[in-house]
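Trainee: Quick one: this structure, given as structure tokens, is what I'll be asking you about.
The values are calculated or read from the model by the stated rules, or taken from the named source; none is laboratory data. Everything quoted here is computed from the prediction, not taken from an experiment. Glycine also receives a Cβ, built like all others from the backbone with ideal geometry; neighbour counts cover every protein chain displayed. For accessibility, only protein heavy atoms count, side chains too; no ligands or nucleic acids. Shrake-Rupley method; radii C 1.70, N 1.55, O 1.52, S 1.80 Å.
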Amino acid sequence: GDSVTQTEGLVTLTKGLPVMLNCTYQTTYSPFLFWYVQHLNEAPKLLLKSSTDNKRTEHQGFYATLHKSSSSFHLQKSSVQLSDSALYFCALSDLTRGSALGRLHFGAGTQLIVIP
Amino acid sequence: ETAVFQTPNYHVTQVGNEVSFNCKQTLGHDTMYWYKQDSKKLLKIMFSYNNKQLIVNETVPRRFSPQSSDKAHLNLRIKSVEPEDSAVYLCASSPGTGGNTEVFFGKGTRLTVV
């Protein structure tokens, strides 16, 4: 079945450094990938999405490229800020019933902590 | 800006009790969902509801049931709570049902079963 793997549970970085959060997926359908960010006690919010192979998508300084050849959609930022501290989820549209209905398979999440 | 509203924010109850959580979205979306976020922060779909079509995740116990009065409201009832039901329940909505549709989440209801 469909699945999403995020290998890092916790990433701690000093402000100003670059970050890459890994995301790989498994699906038998054409993939739709998302990154959601959840700040403490807040709702998860969409950060990025893509279904186009090898095209970089950007938002709020974060960027990701869907690579179908490697089934990856890693999230990157060139210089993290204190306000980037949050939980980041990679997600894949659930097409197992032939229609997505907006249902998402989430990875386990990566907690990013940015220190001064 | 929040447009998916959930009540209550927190709820503590004893094993065996019945609980009900409310959710309302003001985005005019046709599709609503319930997700469960456990103590390890894992997010898992429970239900999706679109045009009166309910799709249930097969791993959801039967004591859970969604209740919808109209497309802006989707409540969640748990008949007889168990300790493993302790989690944050996130309501969500989306404007469409395509693969790339954005899902908008509420802040969640934190349930603690003692």
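Trainee: Expressed in nm to one decimal, what extension gain is obtained for the pair A:Ile113 and A:Thr7 from 0.36 nm per residue of sequence separation less their Cα-Cα distance? Don't skip to the end; give the middle numbers.
Mentor: Numbers: separation 106, 0.36 × 106 = 38.16 nm, distance 1.58 nm.
Length gained between A:Ile113 and A:Thr7: 36.6 nm.
Trainee: Straight-line reach from A:Lys55: which lysines have Cα under 17 Å away, leaving out those fewer than 8 places along the same chain?
Mentor: Partners within reach: A:Lys68, A:Lys77.
Trainee: Give me the Debye-computed log₁₀ of I(q)/I(0) at q = 0.09, 0.11, 0.18 Å⁻¹ for the protein assembly as shown, equal point scatterers on Cα only, no solvent, two decimals.
Mentor: The Debye formula, applied to the Cα set alone, gives -0.37, -0.55, -1.35.
Trainee: Run the dipole for chain A about the Cα centre, Lys and Arg Cβ at +1, Asp and Glu Cβ at -1, nothing else charged, and hand back the magnitude in debye, nearest 20.
Mentor: Values: 9 positive and 7 negative charges, 39 e Å.
For this selection, approximately 180 debye.
Trainee: How big, in percent, is the set of alpha carbon pairs in the stretch A:3-115 lying more than 25 Å apart? Kindly include the intermediate steps, with their values, before the conclusion.
Mentor: On the way: 1078 of 6328 pairs.
In whole percent, the share of Cα-Cα pairs in the stretch A:3-115 beyond 25 Å is 17.
Trainee: Mind ranking B:Ile45, A:Ile115 by accessible surface for me, highest first, 1.4 Å probe? Provide the component values of the computation, followed by the final result.
Mentor: Details: B:Ile45 10, A:Ile115 70 Å².
Sorted by accessible area, descending: A:Ile115, B:Ile45.
Trainee: Cα-based count: Lys pairs in the stretch B:4-113 below 22 Å, eight or more positions apart or different chains?
Mentor: Pairs that pass both the separation and distance tests number 20.
Trainee: With contacts defined as alpha carbon pairs under 8 Å and 6 or more residues apart, what's the relative contact order of chain B in percent?
Mentor: 38
Trainee: Given charges of +1 on the Cβ of Lys and Arg and -1 on the Cβ of Asp and Glu, with all other atoms neutral, how large is the dipole of the protein assembly as shown about its Cα centre, in debye to the nearest 20?
Mentor: Numbers: 22 positive and 17 negative charges, 24 e Å.
For this selection, approximately 120 debye.
Trainee: How big is the convex hull of the Cα atoms of the stretch B:4-113, per residue, in Å³?
Mentor: 95
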